[in-house]
Amino acid sequence: MSKKYSIDKDAHYFVLMHPLECYGPIVITSSLTREKWVECVVVEENYKVDDDYKIELRSIEEGYGKETFYQEDFISFLNSNIKIVKKDTDDMVCTEETWIEPLCGDVFLRHSAYTLTKNNDLDKGKTLKKIRK
């Protein structure tokens with residue numbers, strides 16, 4: 001655990017991430033692609049959590065990379081649930097919700113958003129966090 005910020009380095013976190021795009025030997029992320037809640041673990045390859053400087057989170061889902069945060073920013077995001085959410089139960093997953101909005105006449109607008117949901121709540125329609133893009 002971090003000395004100054006009390007970061008649990010054994011926990012899993014959901015982080016909003018853009019998917020990796022491969023162009024031959026070049027791999028990038030683009031802000032033009034849609035962000036998704038991705039489950040991540042803390043890795044200490046470049047930075048040690050106990051150093052109270054930066055924290056690296058690596059995706060456990062294929063197609064996503066890793067994110068690095070200053071620990072103070074990490075705590076701020078975590079406390080406000082803006083970009084980081086701690087996985088508090090094993091049945092917490094990212095799901096995609098879609099809905100249709102009538103505009104006028106026969107014209108409809110289709111929306112979709114990634115949400116964090118507990119598996120046992122999927123039938124009940126309960127969501128923990130909803131991000132609309």
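Read through the list (1) modelled with pLDDT of 95 or more; (2) surrounded by 12 or more Cβ atoms within 10 Å (Cβ to Cβ); (3) of a type in the set (A, V, I, L, M), then give the number of the only condition that Val49 fails.
Val49 satisfies every listed condition except (1).
Hey, can you tell me all the residues within the range 5-17 that are within 18 Å of Asp73 (Cβ to Cβ) and open to solvent by 40 Å² or more (accessible area, probe 1.4 Å)?
Our first condition is that a residue be within 18 Å of Asp73 (Cβ to Cβ); within the range 5-17, this holds for 5-9, 11, 13-17.
Selection gives Tyr5, Ser6, Asp8, Lys9.
I'm checking my understanding of the structure. Among residues of the range 4-20 that are assigned to a loop (DSSP other than H, G, I, E, B) and either closer than 17 Å to Lys66 by Cα or touching a helix residue (DSSP H, G or I) at 6+ places or on another chain (Cβ under 6 Å) (or both), which one is modelled with the lowest pLDDT? Give the derivation first.
Pass one, the range 4-20, residues assigned to a loop (DSSP other than H, G, I, E, B): 4-11, 18-19.
Now restrict to residues that are either closer than 17 Å to Lys66 by Cα or touching a helix residue (DSSP H, G or I) at 6+ places or on another chain (Cβ under 6 Å) (or both): 5, 7, 9-11, 18-19.
Numbers: Tyr5: 80, Ile7: 91, Lys9: 91, Asp10: 94, Ala11: 95, His18: 94, Pro19: 94.
Here the residue is Tyr5.
Are there any pairs, at least 6 apart or on different chains, whose C-beta atoms fall under 8 Å, with the first in the range 13-29 and farther than 19 Å from Glu96 by Cβ and in contact (Cβ under 8 Å) with a residue 12 or more places away in the chain and the second basic (Lys, Arg) and open to solvent by 70 Å² or more (accessible area, probe 1.4 Å), and if so, which?
Tyr13/Lys86
Which of the residues that make up the range 61-72 are outside any loop (DSSP other than H, G, I, E, B) and within 13 Å of Val15 (Cα to Cα)? Can you show your working first?
Here is the first cut: in the range 61-72, the residues outside any loop (DSSP other than H, G, I, E, B) are 66-72.
Result: Lys66, Glu67, Thr68, Phe69.
What tally of residues in the range 21-60 results from selecting those that are more than 14 Å from the chain's Cα centre (by Cα), part of a strand (DSSP E or B) and either at positive phi or not aromatic (Phe, Trp, Tyr) (or both)?
Residues flagged as more than 14 Å from the chain's Cα centre (by Cα), part of a strand (DSSP E or B) and either at positive phi or not aromatic (Phe, Trp, Tyr) (or both) within the range 21-60 amount to 9.
Whether any residue in the range 73-91 is touching a His at 6+ places or on another chain (Cβ under 8 Å), farther than 21 Å from Asp52 by Cβ, assigned to a loop (DSSP other than H, G, I, E, B) and not small (Gly, Ala, Ser) is what I want to check.
So far as the range 73-91 goes, yes, one or more of its residues are touching a His at 6+ places or on another chain (Cβ under 8 Å), farther than 21 Å from Asp52 by Cβ, assigned to a loop (DSSP other than H, G, I, E, B) and not small (Gly, Ala, Ser).
Assuming Arg34 fulfils every condition listed in (1) within 18 Å of Gln71 (Cβ to Cβ); (2) in contact with a Pro (Cβ under 9 Å, 6 or more places away or on another chain) apart from one, which condition is it?
So the condition that Arg34 fails would be (1).
The values are calculated or read from the model by the stated rules, or taken from the named source; none is laboratory data. Given the structure is predicted, the values throughout are model-derived calculations rather than measurements. Cβ: placed from backbone, ideal geometry, glycine included. Neighbour counts: every protein chain shown. Accessible surface areas use protein heavy atoms only, side chains included; no ligands, DNA or RNA. Shrake-Rupley method; radii C 1.70, N 1.55, O 1.52, S 1.80 Å.
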